[in-house]
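The structure under discussion appears below in the form of structure tokens.
FYI, it's all coordinate maths here, none of it is from the lab. The structure displayed is predicted, hence computed values, not measured ones. Backbone-built Cβ (ideal geometry, glycine too); neighbour counts: all protein chains shown.
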Amino acid sequence: GQNIDQPTEMTATEGAIVQINCTYQTSGFNGLFWYQQHAGEAPTFLSYNVLDGLEEKGRFSSFLSRSKGYSYLLLKELQMKDSASYLCAVRWNNAGNMLTFGGGTRLMVKP
Amino acid sequence: SQTIHQWPATLVQPVGSPLSLECTVEGTSNPNLYWYRQAAGRGLQLLFYSVGIGQISSEVPQNLSASRPQDRQFILSSKKLLLSDSGFYLCAWSPSGTATDTQYFGPGTRLTVL
């Protein structure tokens, strides 16, 4: 199988830092994407990792370790508008351009 | 710049009725196109995938079908809807022939089958 695991829900405080983890089976891995999805809206692209290391984009960073089958999305200086679901998606070598999505992590930011 | 449209935005249909959802992309040519379904509180399930006109790959056997009559038009259809077809239907596109193949989503259609 090609299971992708993320925590179902997380809660954090405004202004804090939160890390959302994603694990996947390493066999055939060919890239990992993070998307943000506000309730009732479409997912929007946040980041892409295919090599090991950290990719930083403003308050958001994404990390990848291919040998461990592990990625995380780091959100700094949390704002109320960051309350959303965060979807981890993996592209596999034998699946062309198709992505397999995890179930998403629902993040609630509290004042 | 590229934009992706979906309509209708919301739809309420009785069980057994037909369905037609449309997706169009502007500002690019020969995109890869995708249909996903998202049940309430769940992840995205890939339904269909197309790399070109008339080329459709089905990922999940069901009572839905897809067609691509034009390069930038993707249609999702059903002859008879089931209750289990309710959900949020998302169309996405990605540029063909690129390394990252990032998928970009349309605004979605929320379908309720009663």
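The table below gives the values:
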{"item": "Counted charge near residue A:60, where neighbours are those whose Cβ lies closer than 12 Å (Asp, Glu -1; Lys, Arg +1)", "result": "-1"}
{"item": "Largest-first principal axis extents, alpha carbons of the range A:1-97, Å", "result": "40, 29, 21"}
{"item": "Neighbourhood charge, 10 Å Cβ-Cβ cut-off, centred on residue A:23 and excluding it, Lys, Arg +1 and Asp, Glu -1", "result": "0"}
{"item": "Antiparallel content of DSSP bridges confined to chain A, in %, to 5", "result": "90"}
{"item": "GluC sites (Glu not before Pro) restricted to the range B:18-114 and DSSP loop, no more than 12 other C-beta within 10 Å", "result": "none"}
{"item": "Neighbour net charge for residue B:48 - beta-carbon separation under 11 angstrom, K R +1, D E -1", "result": "+1"}
{"item": "³J(HN,Hα) computed for each position of the range B:11-22 - Karplus, 6.51 cos²θ - 1.76 cosθ + 1.60, integer Hz, glycine/proline x", "result": "8, 10, 10, x, 4, x, 7, x, 9, 8, 10, 10"}
{"item": "10 °C / 1.306 mPa s Stokes-Einstein diffusion coefficient of the protein assembly as shown, Kirkwood radius on C-alpha pairs, µm²/s", "result": "87"}
{"item": "Lys pairs under 20 Å by Cα in chain A, provided they are eight or more residues apart or on distinct chains", "result": "4"}
{"item": "Against the rule of thumb 2.2 N^0.38 Å, how large the Cα Rg of the range B:22-72 comes out", "result": "1.20"}
{"item": "Label-point gap, in nm, between residue B:9 and residue A:59 - each point 7 angstrom along Cα→Cβ", "result": "2.6"}
{"item": "From phi via Karplus (6.51, -1.76, 1.60), per-residue ³J(HN,Hα) for the range A:47-61 in Hz, x at Gly/Pro", "result": "7, 9, 10, 10, 10, 4, x, 10, 10, 10, 9, x, 6, 10, 9"}
{"item": "Stretch gain in nm, segment residue A:68-residue A:26, where the contour uses 0.36 nm per residue and the Cα spacing is subtracted", "result": "14.4 nm"}
{"item": "In sequence order, calculated HN-Hα J values of the range A:101-109 (Karplus, 6.51, -1.76, 1.60; Hz; x Gly/Pro)", "result": "9, x, x, x, 10, 8, 9, 10, 9"}
{"item": "Part-to-part distance (alpha-carbon centres) for the range B:60-114 and the range B:24-46, which is given in Å", "result": "5"}
{"item": "Distance in nm between pseudo-label sites at residue B:1 and residue B:45 (7 Å out along the Cβ direction from Cα)", "result": "3.4"}
